[in-house]
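In what follows, a single structure is set out as structure tokens and then discussed.
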Amino acid sequence: MQINSPDISQYEELRYFIEAVKQNIIDAETLRKFHDFVMSFETDGVILGCTEIPILYNECLKNNFTFNKKIYDPLQSAINILVSLYQN
């Protein structure tokens with residue numbers, strides 16, 4: 001498995017997305033930019049490694065954006081594991 005992180009030049013864009021969620025100013029332009037940002041990674045999967053980023057992802061889905069890669073939400077993954085352990 002190879003892990004690729006956003007490079008330093010993409011941090012400003014990430015901060016923009018995080019602040020949009022924190023300030024509750026998610027609009028169509030922000031969703032489009034986020035979608036393009038995620039899709040710009042030349043990988044089969046993307047880990048949404050910040051608590052605000054999955055919120056944008058879910059908003060994109062509600063607004064009919066599609067992603068042709070596997071998207072991982074770390075918090076949801078942890079919840080799924082805990083639920084599975086509890087049920088077993």
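The values are calculated or read from the model by the stated rules, or taken from the named source; none is laboratory data. Keep in mind that this is a model prediction, so the values were computed, not measured. All Cβ positions, glycine included, derive from the backbone under ideal geometry; neighbour counts span all protein chains shown. Areas reflect the complete protein model, heavy atoms only, side chains present, ligands, DNA and RNA absent. Shrake-Rupley method; radii C 1.70, N 1.55, O 1.52, S 1.80 Å.
Some points to look at:
- Filter result (within 12 Å of the chain's Cα centre (by Cα) and either farther than 26 Å from Glu29 by Cβ or open to solvent by 70 Å² or more (accessible area, probe 1.4 Å) (or both)) within the range 50-88: Thr51, Ile55, Asn58, Leu61, Lys70, Tyr72, Pro74, Leu75, Gln76
- Of the set (1) over 12 Å from the mean Cα position of the chain (by Cα); (2) open to solvent by 90 Å² or more (accessible area, probe 1.4 Å); (3) among the aliphatic types (A, V, I, L, M), all apply to Ala28 but (2).
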